[in-house]
Amino acid sequence: KPIEVIEGHLMIGMNVVGDLFGSGKMFLPQVVKSARVMKKAVAYLQPFIEAEKDGKQEFSGRVLMATVKGDVHDIGKNIVSVVLGCNNYEIIDLGVMVPPDKIIEAAIAEKVDIIGLSGLITPSLDEMAYVSQEMEKKNLDIPLIIGGATTSRAHTSVKIAPNYSETVVHINDASRAVTVVGNLLQKDNKVFKKQIREEYDAFREQFLKRTKEKVYLTIEEARKNKFQIDWNTSEIVKPKQLGVQILEDFDLKKLEAFIDWSPFFRSWDLHGRYPDILEDDVVGAQAKELFKDAKVLLNRIFDENLLKANAVFGLFPANSVNDDDIEIQNSEFRIQNYKFLTLRQQSKKAAGKPNLALADFIAPKETGVQDYMGCFCVSTGFGTESLAKEFEKNHDDYNAIMIKALADRLAEAFAEYLHKEVRTNYWNYAQDESLTNEDLIKENYKGIRPAPGYPACPDHLEKKTIWELLKVKENIGVELTESLAMWPAASVSGYYFANPEAKYFGLGKINQDQLKDYAIRRGITEAEAEKWLRPNLAD
């Protein structure tokens with residue numbers, strides 16, 4: 001009988017795959033390829049099963065998966081879904097940008113055993129906490145698993161677990177998902193659930209104790225300890241070409257040399273630095289095979305123009321004002337002036353160490369020195385979703401995940417390429433630069449390219465200013481979601497600072513006095529400011 005082929009031979013094979021993966025003898029790309037074989041076989045057998053009315057496949061449990069409202073990133077979610085599917089769990093995948101009510105309604109209607117929430121951008125952390133509160137209000141008793149690049153055990157234990165009476169677990173890779181789901185769905189799961197709750201309670205207590213021990217300056221004190229640059233002697237170069245410029249239908253082949261492959265392997269749970277990973281004793285053989293498959297699809301992208309790349313960037317006169325803001329002077333372009341608002345480190349530093357803000361790297365207006373700044377958005381994601389859907393329709397999760405992973409790498413490569421062109425051509429402040437791709441990955445260039453939502457400038461609201469200044473949506477079609485994620489997902493945006501003393505840094509935690517000051521400067525309520533900056537607020 002067809003159903004016996006699935007529940008017998010195919011599932012026995014997948015159980016072996018699951019066991020090998022769990023014990024570290026098989027790696028994620030092999031698991032996803034195995035799932036492709038399984039899915040294609042099941043799709044072939046499905047008409048025979050329906051013709052015989054032979055019953056349905058018996059699953060070990062039902063897991064609902066969703067990327068939360070406002071977030072568009074789903075590579076990690078899709079990988080975990082495939083791996084759980086390989087272990088005989090039925091997956092109800094709601095996709096991306098899923099609102100809380102839809103998650104809860106689907107969980108009840110589908111009678112799921114576990115809910116999995118995913119997200120990549122920091123506003124998704126708040127959204128996950130909100131979903132857990134709504135689940136509690138509806139008296140759900142379904143365990144909740146949390147995952148995604150921006151998530152952590154700390155955030156899960158401090159901000160999510162206290163909201164929900166059922167078990168909440170943070171997972172950081174696909175193999176752990178299998179173990180956690182298995183433990184949650186075993187008949188006698190009380191010991192495991194109790195252990196998780198005790199672990200998270202203890203972790204939360206220790207985390208909050210550590211954060212209370214940290215010493216913070218007032219925002220006034222932090223500003224007095226700003227990074228000092230001698231603006232009389234500092235090297236300032238006027239850009240060769242001021243204003244906004246657009247690159248449409250960019251030749252993706254030009255980006256191949258700028259790809260940083262190490263994060264690509266990490267997205268497939270293969271850890272190591274490229275190219276050394278290809279010779280690694282443990283994962284080398286699998287890394288080589290994955291790299292070969294990636295190159296095949298990458299060449300198809302180039303040869304068949306499968307993806308479209310667009311970019312917009314602008315270089316403008318700028319000066320810092322009011323300590324922590326940067327004013328873009330656009331009068332010569334007959335458009336209004338814009339302000340970028342930066343945040344300043346507030347943790348107490350060792351003697352001689354400054355409290356940094358990005359505004360420190362731009363000449364203050366009162367010096368009378370004219371400085372400059374840039375911003376940009378690049379995307380290589382146009383066409384990704386339709387290609388991924390086509391692969392999924394053909395039961396090929398492997399290439400559906402691969403196309404998104406490659407689009408992400410190409411977007412980062414485009415950002416790297418454009419920054420190089422700005423330094424050596426459009427702005428031309430580093431015309432004699434001669435750097436290898438490894439140098440670029442190590443950020444050994446003059447100037448910096450920080451991005452809103454990342455450590456130096458964690459406020460995603462700054463993207464709105466970039467979008468208005470560059471007319472990003474109108475010029476290249478990249479949009480912002482309500483949580484200010486970029487769509488298409490394979491997009492990168494940020495600033496350009498040219499000062500040779502500019503450096504990358506992490507903001508860390510800030511206090512309520514800076515939050516209040518920031519809300520006033522931005523013209524929003526403290527509650528709204530807190531919503532966007534919550535991950536950076538000192539408890």
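Please name which of Pro29, His9, Gln46 has its Cα lying farthest along the dipole of the range 1-56 towards the positive end, using unit charges on Cβ (Lys, Arg +1; Asp, Glu -1) and the Cα centre as origin.
Positive-end residue among those listed: Pro29.
As an exercise, identify the trypsin sites (Lys or Arg not before Pro) in the range 39-114 lying in DSSP coil whose Cβ has no more than 16 other Cβ atoms within 10 Å. Could the numbers behind the result be given before it?
On the way: sites: Lys39, Lys40, Lys53, Lys56, Arg62, Lys69, Lys77, Lys102, Lys111; in loops: Lys53, Lys56, Lys69, Lys111.
Sites meeting the loop and neighbour criteria: Lys53, Lys56, Lys111.
Given axes a ≥ b ≥ c from the Cα gyration tensor, I'd like to know whether the range 59-211 is rounded (a/c under 1.5), prolate (a/b larger than b/c) or oblate. Before the final figure, lay out each step's value.
On the way: a/c = 1.38, a/b = 1.14, b/c = 1.21.
Judged from the Cα gyration tensor, the range 59-211 comes out rounded (a/c under 1.5).
Within the range 441-539, which chymotrypsin sites (Phe, Trp or Tyr not before Pro) sit in a loop by DSSP and count at most 14 neighbouring Cβ atoms inside 10 Å? Before the final figure, lay out each step's value.
Working: sites: Tyr445, Trp467, Tyr495, Tyr496, Phe497, Tyr504, Phe505, Tyr518, Trp532; in loops: Tyr445, Tyr504, Phe505.
Filter output for the range 441-539: Tyr504.
Residues in the range 284-328, backbone N under 19 Å from the label point at Gln370 (7 Å along the Cα-to-beta-carbon vector): list them, ranges by number please.
Answer for this model: 314-321, 326-328.
At a threshold of 8 angstrom on Cα-Cα distance, excluding pairs fewer than six apart, so keeping six or more, what relative contact order does the chain reach in percent? It would help to have the intermediate numbers written out before the result.
Values: 927 pairs, mean separation 81.7, N = 539.
Answer for the chain is 15 percent.
Round to a whole angstrom and tell me the spacing of the C-alpha centers of the range 242-257 and the range 473-539.
Taking the Cα centre of each part, the range 242-257 and the range 473-539 sit 25 Å apart.
Quick check: pseudo-label points 7 Å beyond the Cα along Cα→Cβ at Asn172 and Glu304, how many nm apart are they?
3.8 nm
Estimate the FRET efficiency between Gln245 and Asp141 by the formula 1/(1 + (r/R0)^6), using the beta-carbon distance for r and 60 Å for R0, to the nearest 0.05.
Numbers: r = 56 Å, r/R0 = 0.93.
Once rounded, the FRET efficiency stands at 0.60.
May I ask what percent, to the nearest 5, of DSSP beta bridges between residues of the chain are antiparallel?
Numbers: 34 of 54 bridges.
Of all bridge pairs located within the chain, approximately 65 percent are antiparallel.
How far is helix 397-421 tilted, in degrees, relative to the longest principal axis of the Cα atoms in the chain, given as a value from 0 to 90 rounded to the nearest 10?
10 degrees
Once you order the gyration tensor axes a ≥ b ≥ c over the Cα atoms, which shape class does the range 57-107 get: rounded for a/c under 1.5, otherwise prolate or oblate by comparing a/b with b/c? Numbers along the way, then the final one.
Values: a/c = 4.13, a/b = 1.48, b/c = 2.79.
In terms of gyration-tensor shape, oblate.
Given a Förster radius of 56 Å and the C-beta distance between Lys224 and Asn88 as r, what FRET efficiency does 1/(1 + (r/R0)^6) yield to the nearest 0.05? Could you put the intermediate results ahead of the total?
Numbers: r = 62 Å, r/R0 = 1.10.
In this case the efficiency is close to 0.35.
Take Asp19 and Glu479, extend 7 Å from each Cα along the Cα→Cβ direction, and tell me the distance between the two endpoints in nm.
Inter-label distance under the simple model: 4.9 nm.
Taking only Cα atoms, what is the 0 to 90° angle, nearest 10, from helix 123-137's long axis to the longest principal axis of the chain?
50 degrees
Using Cα extents along the principal axes in Å as the read-out, say which of (1) 83, 54, 44; (2) 79, 70, 54; (3) 105, 60, 42 was calculated from these coordinates.
Looking at Cα extents along the principal axes in Å for this model, the match is (1).
Between Gln329 and Leu208, what length in nm is gained on full extension when 0.36 nm per residue of separation is reduced by their alpha carbon distance? Intermediate values should be presented prior to the final figure.
Working: separation 121, 0.36 × 121 = 43.56 nm, distance 4.33 nm.
My answer for the length gained is 39.2 nm.
Give the residue from Ser386, Asn305, Pro263 lying farthest towards the positive end of the charge dipole for the chain; charges sit on Cβ (+1 for Lys and Arg, -1 for Asp and Glu) and the dipole is referred to the Cα centre.
Positive-most Cα among the choices belongs to Pro263.
List the chymotrypsin sites (Phe, Trp or Tyr not before Pro) in the range 188-232 that DSSP assigns to loop (not H, G, I, E or B) and whose Cβ has at most 16 other Cβ atoms within 10 Å. Which are they? Mind dumping the intermediate values first?
Details: sites: Phe192, Tyr200, Phe203, Phe207, Tyr216, Phe227, Trp231; in loops: Phe227, Trp231.
Counting only loop positions with at most 16 other Cβ atoms within 10 Å, the chymotrypsin sites (Phe, Trp or Tyr not before Pro) in the range 188-232 are Trp231.
Measure nothing fancy, just the Cα-based angle from helix 512-522's long axis to the longest principal axis of the chain, in degrees from 0 to 90, nearest 10.
Once rounded, the angle reads 70 degrees.
Give me the count of lysine pairs in the range 1-56 whose alpha carbons sit under 21 angstrom apart, restricted to pairs 8 or more positions apart or on different chains.
Qualifying lysine pairs in the range 1-56: 9.
Which pairs, out of Lys111/Lys389; Lys137/Lys194; Lys253/Lys292; Lys137/Lys509; Lys77/Lys253, put more than 24 Å between their alpha-carbon atoms?
Details: Lys111/Lys389 26 Å; Lys137/Lys194 22 Å; Lys253/Lys292 17 Å; Lys137/Lys509 31 Å; Lys77/Lys253 29 Å.
Going by Cα-Cα distance, Lys111/Lys389; Lys137/Lys509; Lys77/Lys253 fall outside the 24 Å limit.
Counting each DSSP H run of 4 or more residues in the chain as -39500 (n - 2.57), what helix-only mean residue ellipticity at 222 nm follows after dividing by all residues, to the nearest 500 deg cm²/dmol?
Details: 18 runs with 220 residues, N = 539.
For the chain, the value works out to -12500 deg cm²/dmol.
Can you give me the Cα centroid spacing of the range 271-301 and the range 320-394 in angstrom?
Cα centroid of the range 271-301 versus Cα centroid of the range 320-394: 34 Å apart.
Taking square-rooted eigenvalues a ≥ b ≥ c of the alpha carbon gyration tensor, is the range 384-539 rounded, prolate or oblate, where a/c under 1.5 means rounded and, failing that, a/b exceeding b/c means prolate? All intermediate terms of the calculation are to be shown ahead of the outcome.
Working: a/c = 1.91, a/b = 1.15, b/c = 1.66.
Taking the square roots of the gyration eigenvalues as a ≥ b ≥ c, the range 384-539 is oblate.
Bear in mind that the values in this text are calculations on the coordinates, not laboratory data. Every value quoted in this text rests on a predicted model; they were computed, and no experiment measured them. Here the Cβ is made from the backbone with ideal geometry for all residues, glycine too, and neighbour counts use every protein chain on show.
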